[in-house]
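Shown next, in structure tokens, is the structure this report addresses.
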Amino acid sequence: MRVLPVGDDALLVEVSSGEEARALHTELLRRRAEGALSVREIVPAARTVLLDGLTDPARLATELTTSEVPPAPPRARETVELPVRYDGPDLADVAAHWGVSPEEVARIHADTEFSVAFCGFAPGFGYLTGLPQRYDVPRRATPRTSVPAGAVALAGPYTGVYPRSSPGGWQLIGSTDTVLWDHTRVPAALLSPGTRVRFVPVGSP
């Protein structure tokens, strides 16, 4: 674990894996809920956790580097099901990369239980993990200038769903009509760290 100061009242904690980041995020949330930690925001990422709005960052930095973080408990949250049409323009390219048919890509993806490792990029965008490492795919060599809202995409070890139209370089394998971000909803984001996700096919590739 490495703890880096960020400005006057924030720390960036670097760890070696996504599971360690999840465990640290869970532990910090627990401490805040119990009143043992005063912090404004706790933001997890792939292998880091940012703490912003600390009253004594130096003391916490020392404490974190000398304490042991317990493993995160098993996720017990409700599973969010996202209807998906496996009709993406990059489906054939992903199939070729995996060495399977487009129909098999859809089957493998739909049979996987995902979890939200962290959120970012755009409001409502979750980085979902769950596919075995052999199914990692590279980003597109040339990003698209516009990816439609609801596009289901792959990049590296992650699956994501674009909550709104935006540029993007991920491989598009499908689409969903589910609204990932709605500012009139509480909470506005459908997905949050720890949420379990399954994709439910509603058509054929």
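Numbers at a glance
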| quantity | calculated |
| --- | --- |
| Dipole moment magnitude, nearest 20 debye, the stretch 69-156 about Cα centre, only Lys, Arg, Asp, Glu C-beta charged | 300 debye |
| Pairwise centroid distance, computed over Cα atoms, of the stretch 86-147 with the stretch 22-52, Å | 29 Å |
| Å² per residue, accessible surface of the stretch 67-131 at 1.4 Å | 49 Å² |
| Cα-based convex hull volume of the stretch 1-90 per residue, rounded to whole Å³ | 148 Å³ |
| Restricting the stretch 100-175 to GluC sites (Glu not before Pro) in coil, as DSSP defines it, with at most 14 other Cβ within 10 Å | Glu113 |
| Cα gyration tensor category, rounded, prolate or oblate, for the stretch 71-121 with a/c compared to 1.5 | prolate |
| Helical mean residue ellipticity (222 nm; -39500 (n - 2.57) per DSSP H run of 4+; nearest 500) of the chain | -6500 deg cm²/dmol |
| Dipole of the stretch 97-166, positive end: most advanced residue of Cys119, Val100, Ala141 [Cβ charges, Cα centre] | Ala141 |
| Heavy-atom accessible surface of the chain: percent carbon and sulfur, 1.4 Å | 53 percent |
| Semi-axes of the equivalent ellipsoid for the chain, Cα gyration tensor, largest first, Å | 34, 17, 16 |
| Total charge dipole magnitude, the stretch 1-112, about the Cα centre, Cβ charges on Lys, Arg, Asp, Glu only, Debye to nearest 20 | 320 debye |
| Accessible area, probe 1.4 Å, largest first, for residues Thr178, Thr184 | Thr184, Thr178 |
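The values are calculated or read from the model by the stated rules, or taken from the named source; none is laboratory data. Keep in mind the model is a prediction, meaning the values are calculated, not measured. Don't worry about glycine lacking a Cβ; one is built from the backbone with ideal geometry, like all the others, and counts go over all protein chains shown. Each accessible area value is taken on the protein alone, full model and side chains, heavy atoms only, with ligands, DNA and RNA left out. Shrake-Rupley method; radii C 1.70, N 1.55, O 1.52, S 1.80 Å.
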